[in-house]
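Take a look at the structure below.
Coordinate-derived values only; no laboratory data. Note that the structure is predicted; figures quoted are calculated from it, not measured. Cβ atoms come from the backbone with ideal geometry, glycine included; neighbour counts cover every protein chain shown.
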Amino acid sequence: MQDLSITLIQANQIWEDKAVNLKHYEELLKPVSGSNLILLPEMFQTGFSMNTRALAEKMDSSSSILWLKQQAKQKNAAFYTSLIIEEEGKYYNRGVFVEPDGTITCYDKRKLFGMAEESVHFTAGTAEVIVNYLGWKINLQICYDLRFPENIRNGEIDGRPVYDLLLYVANWPEKRIQHWSTLLPARAIENQCYVAGLNRVGTDHSGLSYTGQSKLINLLGEELSNLLDSENVITRSISYQEQTELRRKLPFLRDSNYRSFRN
């Protein structure tokens with residue numbers, strides 16, 4: 001199995017200005033080459049807004065998804081991020097995993113952040129989503145999902161781990177950044193997988209501060225990358241072979257009773 005090259009785009013987001021945000025991402029993406037997977041923050045082109053009626057797009061006519069498809073094709077890399085999607089009169093904080101050939105896998109955020117009334121404005125997703133990309137099984141997550149490990153308990157089926165990599169795209173504020181920095185390695189350790197957590201920087205319309213701390217972590221809970229608190233872009237490869245060998249030496253997933261969590 002090939003190694004996977006992941007790019008974290010830790011960016012400032014301009015409040016509810018899609019055109020400006022997309023142009024800014026284009027500038028940040030210019031030096032990126034040779035990556036297999038590129039992460040952008042939660043609600044990447046608007047910031048974490050509850051203004052659903054004004055900002056929502058539909059899957060079949062979304063200019064933002066068209067932009068993601070164009071970027072994925074140009075960079076020959078998958079993109080993962082989230083945006084506001086309207087479907088049958090309901091609004092979703094929808095994760096979209098866009099592959100270079102235009103294939104899209106969707107994940108609707110299951111745990112909605114009540115303190116910001118996300119649960120008032122959005123409909124929660126109901127299903128775990130694992131995408132198979134370049135042989136890697138990748139579990140798609142969004143921000144607040146990080147606090148709820150019961151939804152993503154890893155295990156083995158027929159001797160094969162259910163997934164290999166967890167992705168979190170977020171708008172996680174500075175005031176609770178210690179929770180972010182603690183929970184990401186916890187998810188890696190308990191699920192014996194790589195974890196990529198991509199957060200934003202800057203301030204939003206209310207003055208709430210975001211300090212990044214985007215990370216790539218291995219199954220031992222060790223940081224392979226940390227973007228600290230400024231706008232930054234980093235690309236790092238993760239090794240399937242190395243993870244498989246560590247799982248063999250530490251076969252904790254075999255004892256997880258995976259099926260019991262899903263029944």
Dipole of the chain, positive direction: furthest Cα of Asn139, Ser61, Ser82, with charges on the beta-carbon: Asn139
query: Can you give the charge dipole size of the chain about its Cα centre, rounded to the nearest 20 debye, using +1 on the beta carbon of Lys and Arg and -1 on the beta carbon of Asp and Glu?
result: 360
- prompt: Considering only the other residues whose Cβ falls under 15 Å of the Cβ of Gly135, what net charge follows from Lys and Arg at +1 and Asp and Glu at -1?
  reply: -2
query: Under the definition of Cα pairs under 8 Å and six or more residues apart, what whole-number percent is the relative contact order of the chain?
result: 20
query: If you line up the long axis of helix 18-29 against the longest principal axis of the chain, both from Cα atoms, how many degrees apart are they, to the nearest 10?
result: 50
Principal-axis tilt of helix 240-249 within the chain, Cα atoms, nearest 10 degrees: 40
message: Given the -39500 (n - 2.57) contribution per DSSP H run of 4+ residues, what per-residue ellipticity at 222 nm results for the chain, rounded to the nearest 500 deg cm²/dmol?
response: -7000 deg cm²/dmol
query: Taking K and R as +1 and D and E as -1, what net charge do the other residues with C-beta under 15 Å from the C-beta of Ala72 add up to?
result: 0
query: Roughly how many whole Å is it from the C-alpha centroid of the range 184-263 to that of the range 3-80?
result: 20
message: I'd like the antiparallel share, as a percent to the nearest 5, of DSSP beta bridges with both residues in the range 112-260.
response: 60
Lysines with Cα under 24 Å of Lys30, excluding same-chain neighbours fewer than 8 positions away: Lys18, Lys69, Lys73, Lys75, Lys215
statement: Out of Pro161, Ser181, Ala72 - ranked by how far each Cα lies towards the positive end of the dipole of the chain, with unit charges on the beta-carbon of charged residues - the top one is Pro161
field: DSSP-defined antiparallel bridges as percent of all bridges, the chain, nearest 5
entry: 65
Net charge of neighbours whose Cβ lies under 14 Å from the Cβ of Lys18, counting Lys and Arg as +1 and Asp and Glu as -1: -3
- request: Could you give log10 I(q)/I(0) at q = 0.12, 0.17, 0.20 Å⁻¹ for the range 1-154, computed by the Debye formula over C-alpha point scatterers of equal weight, without solvent?
  value: -0.49, -1.02, -1.39
- prompt: If you work out Cα extents along the principal axes in Å from the coordinates, which of [x] 69, 39, 38; [y] 50, 40, 36; [z] 56, 43, 39 do you get?
  reply: [y]
query: For the range 201-263, what does the alpha-carbon gyration tensor say about shape, rounded, prolate or oblate, given a ≥ b ≥ c as the root eigenvalues, a/c under 1.5 as rounded, and a/b over b/c as prolate?
result: oblate
